[in-house]
């Protein structure tokens, strides 16, 4: 009985998910996403301007550390590099989520500082997403591994559940499970979005010369190689702030809609 109930709810949710691909619905979601994207930047500029000022500083620090110590794999410096990249990109995406999520609170400086108490858990999510980098290399994964794109969906949804948890430990521990359930219940539309976003991601990194596997495998680091690393870091940051941020805004709008329509699927714990 429980199994039939689950399958019935799953089929129904998949049908509703596929209806979002209709041109009329797709245009509405796209327009809403554009609005969310502009509101995100407004919130960042007014409430997190201090963090935006830190972005170029952290970027240059990352480039200097990368160039100074190298990122040969495997090595302690490579491990430190991955942790640093996770911290940097994790902070950016965390602040993006805080800015784009719907909230009754005024998104001022206090709002963003208040959310920082949850960053530790989000950082753990991000480290798990970068786990393939320890095996295959960061640039290889980011350039053409579908795991990077797929995990961004999980990371965004889990991050939104995390921010809605209010910092209560029990709810924090349930964010992964709830994010996985949301992915299962809405798999068709997410698979379609992953295909579009995955192709866009590959095209972006390919066009910006981000295919740097030979550089990562080489031990002969010189000034030009350091310049390539700095260029790659800049390209990845631009990717996060533009293409990835837009995709995250889209997921945020879908998350908000699904929370209202499918609330019992995610908050039925006793």
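We did not get these values from a lab; they are worked out from the coordinates using the rules stated. Worth saying up front: this structure is predicted, and the values here are computed from it rather than measured. We place every Cβ from the backbone using ideal geometry, glycine too, and count neighbours over all the protein chains shown.
Some values worked out for this structure:
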{"read-out": "Fewest-first ranking of 16, 155, using other Cβ atoms within 10 Å as the exposure measure", "value": "16, 155"}
{"read-out": "Computed label-point distance, nm, for sites residue 50 and residue 26 using a 7 Å Cα→Cβ extension", "value": "4.4 nm"}
{"read-out": "Gain in span if fully extended, residue 173 to residue 124, counting 0.36 nm per residue against the direct Cα distance", "value": "16.4 nm"}
{"read-out": "Theoretical FRET efficiency, 1/(1+(r/R0)^6), r = Cβ-Cβ of residue 264 and residue 105, R0 30 Å, to 0.05", "value": "0.70"}
{"read-out": "Separation of the residue 41 and residue 6 label points, Cα + 7 Å toward Cβ, nm", "value": "4.4 nm"}
